[in-house]
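A.B. asks: One structure coming up, written as structure tokens, with questions to follow.
The values are calculated or read from the model by the stated rules, or taken from the named source; none is laboratory data. Fair warning: this is a prediction, and the values are worked out from it, not measured in the lab. Neighbour counts are summed over all protein chains in view; Cβ atoms, including those assigned to glycine, are modelled from backbone coordinates with ideal geometry.
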Amino acid sequence: MSNASPHVIVAVGAPATRFGQRAGGISSMQWLMVVAHEPRKVVPWIHYLQRRRENESLQALISSLARLMDQYHGVNGERPPQWLALAETKLPCVLMDIVTAPGMFSPDDEDPFKDLNYSIQVLQSLVLALYPVVGSADIHDRSPFTDQRERTCASELLSRMDEFIDMIWGQRADVLPLERGRHNPCERAVISFTAVFMMVRIYGRVHGKPPPVECRALHFLVYYWTYTAGYEDSVVAQIMFHSSVKELMVKSHSNPDAARAAIDVVFPHPLLSSHDNFVNDFTDKIWMVAHAEHYPANDITTAVSLCTYYLRLADGRSDVFIRATRDQEPAGLRLIPALIIACKRMLCSLPPEDHLKNSIFLLQGVQIFSVFLKDGLDHRLNAMFCLSAAQSNFISVIAWALVLGVRVARKEFVGMVNNLLCVLSTYTRRVRMDPEYSARWGQPHLRVTTKRIWYWTLRNIQTSSPAVPAAEPLHAQVKMEALTIWKTYGALFELREDGANANAARELDRPSVPNGSMAYWKFPKRDWEAGHRDICKALQVS
């Protein structure tokens, strides 16, 4: 540093620098020293080298910048000491302007300022420059900026966000599967995903809330999530979208029409039209997350949030719904069994305090499916749903939700259970009344599993007390509704509180024999204590 000459002009119009020689020109520049000790001159140098078409020097400068920023990448809360000077000159904005210029990411090498390698290098440097703007590694952190230079830089970035995201979305072919199935996207797609994720985080810091669900950035995150095999990237995409969905639901209470309109644009434009196989690919990914044993509960919940809003789109668009459910798999209707498995798995593996926020959400996803089936969209799908529910003892999960709904005095839980029971009731009545239908779709599992759980559930509803004493009036009302719903459903199977077959049904109060293809079942506590836990643990999901 002592050998550096102050205020040297190495070329006409170039910024003054201490780290170059007049006689040596631009080729004498020590770019690492410029970045480290003259950070306010980095942006003027980028502009100068762009104008002069000095490609090699510009790449060397950007590479040196990336080396400096990369030293702090991943270090939570730490930033380069040069950062505020770089933010003051709006370095991230300059890099974003370069990468969104027309003709960037050109597959040919005719223009070294547009070719693919240079474009990826700038995009990677942009990602590294966005990390300090994002701040904390906590993806839920939306703490406001404390420095005006950072705040101004972040606002300038958001003013460019739409153009940047449109550019990334236009190159989404980078994350398409090579053939049907999963694969790891190319390096460029991973960098693009990270950049989009950073911009969503910056939006949260500037506005104090996640971006709206119609934001194109969220579209890309969901699109990328559909095809990526990367676990951490998958979780990030889910959580980001899930946060925006929850924000939308808060708004929906005051303006439901606007919320509905926002939901409608999430997937049709542009996701559903992104390419012909996206609907099936997206459904496959939801199925995989719900079915796979290694996904934690929160990841399943956030994945099902995508599924839930995706299914709401099917309202009035049966073509989309049927495409999602009539898969090539012989079993058909794959999502419902997967969601049922996920419900049962979480009830078996999560502590009780987490049941409410996770399992109920999964049940809502199943309920949305069932509402379409109840409305008679397709008798075949209705029967397949009921067969899946019967074979996996899903009535035990429904009963658990009903008891929980009474205890916490939540009418919407009872209504959700009622919708599910209506679907099962329609199936049961048709099996009894239509011999041809019964011969094709009827089987005894639903009757057996209902008898096993019915009296236990009835007793739990009758003896339920409110979780919060102040909720007693509402609790009494919800309890009456739940008893009516449960008794009506039991009557289909000749189950009555003092019926002649009550004792015979009560004899089923013993450890249940699980279906070998389904690892996770939820039974009453008496079953669990009587040995079902060991049975459950002995099973594995492939």
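A.B. asks: Of the numbered conditions (1) surrounded by fewer than 12 Cβ atoms within 10 Å (Cβ to Cβ); (2) closer than 18 Å to LEU123 by Cα, ARG51 fails exactly one; give the number of that condition.
C.D. replies: (2)
A.B. asks: Checking the conditions here, which among LEU446, LEU424 is modelled with pLDDT under 85, in a helix (DSSP H, G or I) and of a type outside the set (S, T, N, Q)?
C.D. replies: On the way: LEU424 fails: modelled with pLDDT under 85.
Matching residue, one of LEU446, LEU424: LEU446.
A.B. asks: Answer with yes or no whether PRO211 is crowded, with 19+ Cβ neighbours inside 10 Å, on the phi < 0 side of the Ramachandran plot, in contact with a Phe, Trp or Tyr (Cβ under 9 Å, 6 or more places away or on another chain) and free of Cβ contacts under 8 Å to residues at least 60 places away in the same chain. So that I can check it myself, show each step before the final result.
C.D. replies: Numbers: crowded, with 19+ Cβ neighbours inside 10 Å: yes; on the phi < 0 side of the Ramachandran plot: yes; in contact with a Phe, Trp or Tyr (Cβ under 9 Å, 6 or more places away or on another chain): yes; free of Cβ contacts under 8 Å to residues at least 60 places away in the same chain: yes.
It is true that PRO211 is crowded, with 19+ Cβ neighbours inside 10 Å, on the phi < 0 side of the Ramachandran plot, in contact with a Phe, Trp or Tyr (Cβ under 9 Å, 6 or more places away or on another chain) and free of Cβ contacts under 8 Å to residues at least 60 places away in the same chain.
A.B. asks: Looking at the stretch 441-488 only, could you name the residues that are in contact with a Lys or Arg (Cβ under 6 Å, 6 or more places away or on another chain), touching a residue at least 60 places away in the same chain (Cβ under 8 Å) and not polar (S, T, N, Q)?
C.D. replies: Scanning the stretch 441-488 gives ALA467, VAL478.
A.B. asks: Of all residues in the stretch 7-27, count the ones that are surrounded by 15 or more Cβ atoms within 10 Å (Cβ to Cβ) and not in a loop (DSSP other than H, G, I, E, B).
C.D. replies: 4
A.B. asks: Identify all residues within the stretch 451-470 that are in contact with a Phe, Trp or Tyr (Cβ under 7 Å, 6 or more places away or on another chain) and at pLDDT below 85; write none if there are none.
C.D. replies: Kept after step one, since they are in contact with a Phe, Trp or Tyr (Cβ under 7 Å, 6 or more places away or on another chain), are these residues of the stretch 451-470: 451, 457-458, 461.
If the condition is that a residue be in contact with a Phe, Trp or Tyr (Cβ under 7 Å, 6 or more places away or on another chain) and at pLDDT below 85, then LYS451 is the only one that fits.
A.B. asks: Then there's this: Suppose the filter is surrounded by 18 or more Cβ atoms within 10 Å (Cβ to Cβ), modelled with pLDDT of 85 or more and not basic (Lys, Arg); does LEU373 pass it?
C.D. replies: It is false that LEU373 is surrounded by 18 or more Cβ atoms within 10 Å (Cβ to Cβ), modelled with pLDDT of 85 or more and not basic (Lys, Arg).
A.B. asks: Related question: Looking at the stretch 200-213, is at least one residue assigned to a helix (DSSP H, G or I), within 21 Å of the chain's Cα centre (by Cα) and modelled with pLDDT under 85?
C.D. replies: Within the stretch 200-213, none of the residues are assigned to a helix (DSSP H, G or I), within 21 Å of the chain's Cα centre (by Cα) and modelled with pLDDT under 85.
A.B. asks: Same structure, new question: When you scan the stretch 104-124, how many residues do you find that are at pLDDT 90 or above and surrounded by fewer than 19 Cβ atoms within 10 Å (Cβ to Cβ)?
C.D. replies: Adding up the residues that qualify gives 2.
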